[in-house]
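Participant: Dropping the structure in here first, questions after.
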Amino acid sequence: MANIRVSEWRKLPVSLAELCIDTTLRCGQSFRWKKLGNDEWSCALHGQILSLKQDDYYLHYRSMRPSTTCPLILPNSVNSHVAKIENEDEATESLLRRYFNLTPNVATLYEYWSSVDPNFKKRAPSFAGVRILKQDAWETLVAFICSSNNNIVRISQMVNNLCLHYGPLVGRINDVSFHDFPPPEALTGPRVEAHLRELGFGYRAAYIAKTALMVANEKPEGWLQSLRNDGDNPDQKLPRGGRDGYRRAHEELLQLLGVGPKVADCICLMGLGWGEAVPVDTHVWQIAQRDYKFGKGKNKSLTKATYDAVGDHFRELWGKEAGWAHSVLFAADLKTFSERLAPKVKLDVEEVKIKEEDGTVVESKVIVKREYTLHEVKDEFGKDKVLSESPRSQRAKRRRVV
């Protein structure tokens, strides 16, 4: 294993309202980030290991890069070595700005979505700072082929296994190996499909192996990148069904094995930069039924017609970055974050004063008020502790039961 050069911790000025990595990295966009303690997230990206942590105002980061040899720094080469280090730091910052898609002002978008959608306004305060990542298109394609009939934990396990067996090793942190994502060519061998089945990929093994062959050998070089949104007129009105480039990318992705409308939209949104892509899976379909009055009458199941109708509705409601707003509501519907929306019980304790008979205050103590989620109340006061309900609450509960 090559030596590792570890940079100093640096920081980007970005508030939690603009980026919350604890939500963004866990809401089903990327599946390779690992939390290794002290709220520090790490991942191998483009030949280096990036480690991140965050406070209210800054994203802190450092990089670890493999180095075959430690260069001998002679007096006349000091300046060039410093310039190289500075260039690496600038490249890492540029990578982070691009990866986290830091150009759009998320707070402004949240404000707009809240003004047009009461449901978004109700749920968004607990999920500030969710951004759509700008990931590698090939990695996004393979990861979301793995997402078919799957959950985030199992997708992450599959993607990790794929990197472990086929991706180049970048380095280790505390005996945890970090591998970059394998290119298509690494997955074109004659035993790849059988090996992936042995690793637990099931029917997805064939999809991945055959898609890798198609991208590596049949599609023109740079094909996936040619489908990317490289920017357009910001004043252009969003047509029904999305922009021409989005619709073209979606249709071309559907030619690949294991790619249906939902997977194609995930790739368009998170790997190709088409903000109007709205992936509709069972979670989003349930949200559409529960909060947006879909599923009435004959359209009770998720068909192609209802899939398109849900996407068009959200594009009309939220605009060109509808996929971003959709991801906030998707995160709010995940069990992983259920505690953020849990009902809270407020325990109020007033100021306690101890007085002498003449009214002189001997001791005064103020106990800070605190809100508890219901499960926190159980943990805080013990399993057998029950909060008493007011007679009014009891009467209301009886009425609901009746």
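Participant: For the cross-link pairs Lys53/Lys304; Lys34/Lys296; Lys122/Lys320; Lys35/Lys304; Lys219/Lys335; Lys134/Lys304, which exceed 32 Å when the distance is taken from alpha carbon to alpha carbon? All intermediate terms of the calculation are to be shown ahead of the outcome.
Facilitator: Working: Lys53/Lys304 41 Å; Lys34/Lys296 41 Å; Lys122/Lys320 21 Å; Lys35/Lys304 38 Å; Lys219/Lys335 39 Å; Lys134/Lys304 27 Å.
From Lys53/Lys304; Lys34/Lys296; Lys122/Lys320; Lys35/Lys304; Lys219/Lys335; Lys134/Lys304, over 32 Å: Lys53/Lys304; Lys34/Lys296; Lys35/Lys304; Lys219/Lys335.
Participant: Something else about it: Nearest 20 debye, what's the magnitude of the dipole of region 108-338 about its Cα centre given +1 on Lys and Arg Cβ and -1 on Asp and Glu Cβ? Numbers along the way, then the final one.
Facilitator: Numbers: 28 positive and 26 negative charges, 189 e Å.
It works out to roughly 900 debye.
Participant: Moving on to the next point. So for region 247-342, Kirkwood radius off the Cα pairs, Stokes-Einstein at 10 °C and 1.306 mPa s: how many µm² s⁻¹?
Facilitator: Values: Rh = 13.9 Å.
Using the Kirkwood radius from Cα pairs, D works out to 114 µm²/s.
Participant: In debye to the nearest 20, how big a dipole does region 258-342 give about its Cα centre with +1 on each Lys and Arg Cβ and -1 on each Asp and Glu Cβ?
Facilitator: On the way: 11 positive and 10 negative charges, 74 e Å.
That gives region 258-342 a dipole magnitude of about 360 debye.
Participant: Which of Cys268, Gly295, Pro279 sits farthest toward the positive end of the charge dipole of region 108-338, with +1 on the Cβ of Lys and Arg and -1 on the Cβ of Asp and Glu?
Facilitator: Of the options given, the answer is Gly295.
Participant: Let me ask something additional. Contact order normalised by length for region 154-281, with contacts defined as Cα pairs under 8 Å and 6 or more residues apart; what percent is it?
Facilitator: Details: 129 pairs, mean separation 21.3, N = 128.
Dividing the mean separation by the residue count of region 154-281 yields 17 percent.
Participant: Got a number for carbon plus sulfur as a percent of region 99-188's accessible area, 1.4 Å probe? Mind dumping the intermediate values first?
Facilitator: Values: 1910 of 3800 Å².
It is 50 percent, rounded to a whole number.
Participant: Here's another thing I want to ask about it. Calculate I(q)/I(0) for region 108-338 by the Debye formula, one identical point scatterer on each C-alpha and no solvent, and give its log10 at q = 0.13, 0.14 Å⁻¹ to two decimals.
Facilitator: One equal scatterer on each Cα of region 108-338 leads to -0.84, -0.96.
The values are calculated or read from the model by the stated rules, or taken from the named source; none is laboratory data. Since this is a predicted model, take the numbers as computed values, not measurements. Cβ coordinates were reconstructed from backbone atoms using ideal geometry, including for glycine residues, and neighbour counts include every protein chain displayed. These area figures cover heavy atoms from the full protein model, side chains too; ligands, DNA and RNA do not enter into them. Shrake-Rupley method; radii C 1.70, N 1.55, O 1.52, S 1.80 Å.
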